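A.B. asks: Structure in structure tokens, see below.
Values quoted throughout were computed directly from the atomic coordinates according to the rules given, and no laboratory measurement underlies them. Just so it is clear, the structure is predicted and the values come from calculations on it, not from any experiment. Positions of Cβ are generated from backbone atoms using ideal geometry, with glycine treated the same way; all protein chains shown enter the neighbour counts.
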């Protein structure tokens with residue numbers, strides 16, 4: 001399994017150059033290993049060929065609850081066994097009273113049988129139609145909800161000065177641009193625009209400057225917009241608080257500084273680690289993570305006994321026995337699973353030029369814990385974790 | 001004339017255009033996919049008014065982010081409860097799969113092996129290889145270091161290789 005993990009790392013360029021060179025040399029000399037690498041490449045390719053979308057089980061309950069009641073003359077067909085395109089067509093082909101929606105500003109493409117109040121004017125649609133409402137400057141409240149679905153007919157006052165454009169792709173759209181004008185039918189391929197008479201400061205073309213009286217439903221809609229805006233502000237505040245809590249827990253990602261001393265850089269760190277491990281019987285490296293600064297090494301040991309942590313601590317002490325790393329801060333985290341004789345023991349440590357900032361300590365601690373948790377398969381309930389040990393100077397004093 | 005504002009997608013259109021994607025994620029990444037599916041759409045429809053159609057994220061990207069977070073939350077709740085849920089029957093390869101993968105049996109074997117991966121490894125493998133989500137974004141959504149996510153990807157691949165050879 002370890003070979004397979006390293007082959008996967010080689011595939012993504014996640015090995016250090018010496019590690020990659022060593023593995024490539026083995027691949028060249030070992031046909032069985034080379035075949036395994038080829039099989040891994042085929043597996044990755046096969047994954048990318050799996051279906052990305054699957055036929056869903058039906059219309060979600062949440063969507064059914066949100067729709068107005070529908071009178072059906074034919075049984076509702078489910079998605080099972082049908083291509084998605086056909087299912088979408090059936091959804092909009094149900095015989096039912098047309099839905100009614102209100103568009104205050106912006107644009108929408110409507111499919112099916114819909115009565116749309118666009119800028120205050122009713123538009124009856126049977127087909128596929130784009131409607132654009134460009135409101136007058138002072139006509140519409142700023143809001144995140146430009147389309148309102150209503151389950152009863154609302155006749156809003158025409159927004160004087162608004163420009164409404166109806167474009168038909170399929171079917172027809174029928175509308176009455178003003179109270180005095182007859183109904184117009186917009187056919188396939190046609191686009192009609194009209195500016196609603198009236199509007200702020202007497203602006204707008206048409207038959208007069210008077211605007212229609214506003215019905216009671218408009219204040220209701222505006223009150224709902226007020227409520228939504230307050231809820232949105234509250235949600236944003238809570239999200240900001242949560243982000244602060246998360247940042248306190250996880251720390252801030254630490255990029256590699258440009259001027260980091262040479263021994264701490266990934267290749268040198270790994271070289272010194274390997275040399276120290278040669279003098280540490282029973283200890284071996286499980287993983288080295290250098291995606292952020294500093295590198296974190298995770299070790300394990302085959303030596304039993306209560307003193308296994310000291311044996312692994314000795315590895316980073318050996319790394320700096322000759323002062324190569326200078327005045328260094330070390331953070332360590334030890335963990336073992338509670339599996340009796342089969343217990344797995346891990347020790348994660350990081351070394352950084354001292355002194356280390358609180359931010360750096362928090363982030364490194366989070367990374368180390370995540371690595372160890374990953375290795376113990378997130379079995380927090382059966383993990384016996386030891387304390388983060390803090391920092392040690394080269395003399396071993398804290 | 002005031003600038004046009006883009007309209008939010010209609011909920012029905014959202015389901016029609018992206019229901020297959022949401023179901024594929026729930027089916028492969030959750031041991032109770034029907035529940036995950038229903039809850040995911042409740043979250044999506046509640047979050048829809050806050051989606052900015054003129055922003056940098058496409059509808060698909062926004063939708064995948066919401067569903068990904070939802071599936072991670074479900075996994076964490078199960079972990080806290082100590083539930084042990086076995087992988088259910090495998091995903092059907094689908095009508096187009098055999099042309100791409102050579103035989104339906106190959107893709108069925110791969111789906112079976114995928115279903116048996118530990119859930120955190122499977123999530124990274126599916127999101128990254130099937131849905132092309134960058135590892136950095138997976139790490140950000142799951143609150144993990146990139147190194148941990150990479151580790152899960154490599155272990156997941158290695159486990160698949162072991163199961164298939």
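A.B. asks: Just counting partner chain Cβ atoms within 10 Å, what average do the residues of peptide B:42-50 show around their Cβ?
C.D. replies: That works out to 4 on average.
A.B. asks: If I take R0 = 25 Å and measure r between the Cβ atoms of residue A:187 and residue B:17 in this structure, what FRET efficiency does the formula 1/(1 + (r/R0)^6) give, to the nearest 0.05?
C.D. replies: Details: r = 27 Å, r/R0 = 1.09.
E between residue A:187 and residue B:17, to the nearest 0.05, is 0.40.
A.B. asks: Next question. Kindly state, to the nearest 0.05, the FRET efficiency for residue A:307 paired with residue A:357, given R0 = 45 Å and r defined as their beta-carbon distance.
C.D. replies: 0.90
A.B. asks: Using Cα pairs closer than 8 Å and at least 6 residues apart in sequence, work out the relative contact order for region A:262-385, in percent.
C.D. replies: Across region A:262-385, relative contact order equals 24 percent.
A.B. asks: Please work out the Cα center distance from region A:310-336 to region A:1-69, rounded to the nearest Å.
C.D. replies: 35 Å
A.B. asks: Between residue A:317 and residue A:42, what is the label-to-label distance in nm when each label sits 7 Å out along the Cα-to-Cβ direction?
C.D. replies: Inter-label distance under the simple model: 5.1 nm.
A.B. asks: Taking R0 as 25 Å, what FRET efficiency do you get between residue A:165 and residue B:46 from their Cβ-Cβ distance, rounded to the nearest 0.05?
C.D. replies: After rounding, the FRET efficiency stands at 0.20.
A.B. asks: Next up: Pull out the extension gain between residue B:132 and residue B:58, defined as 0.36 nm times the separation in residues minus the alpha carbon to alpha carbon distance; nm, one decimal.
C.D. replies: Going from the current span to full extension adds 25.2 nm.
A.B. asks: What's the center-to-center distance, using Cα atoms, between region B:3-73 and region B:110-149 in Å?
C.D. replies: Result: 18 Å between the Cα centres.
A.B. asks: While we're looking at this one, here's another question. Taking other Cβ within 10 Å of each residue's Cβ, how do A:256, B:37, A:308 sort, fewest first?
C.D. replies: Lowest count first: A:256, A:308, B:37.
A.B. asks: Using the eigenvalues of the Cα gyration tensor, what equivalent ellipsoid semi-axes result for region B:10-85 when each is taken as the square root of five times the eigenvalue, whole Å, largest first?
C.D. replies: Square roots of five times the eigenvalues give 24, 13, 10 Å.
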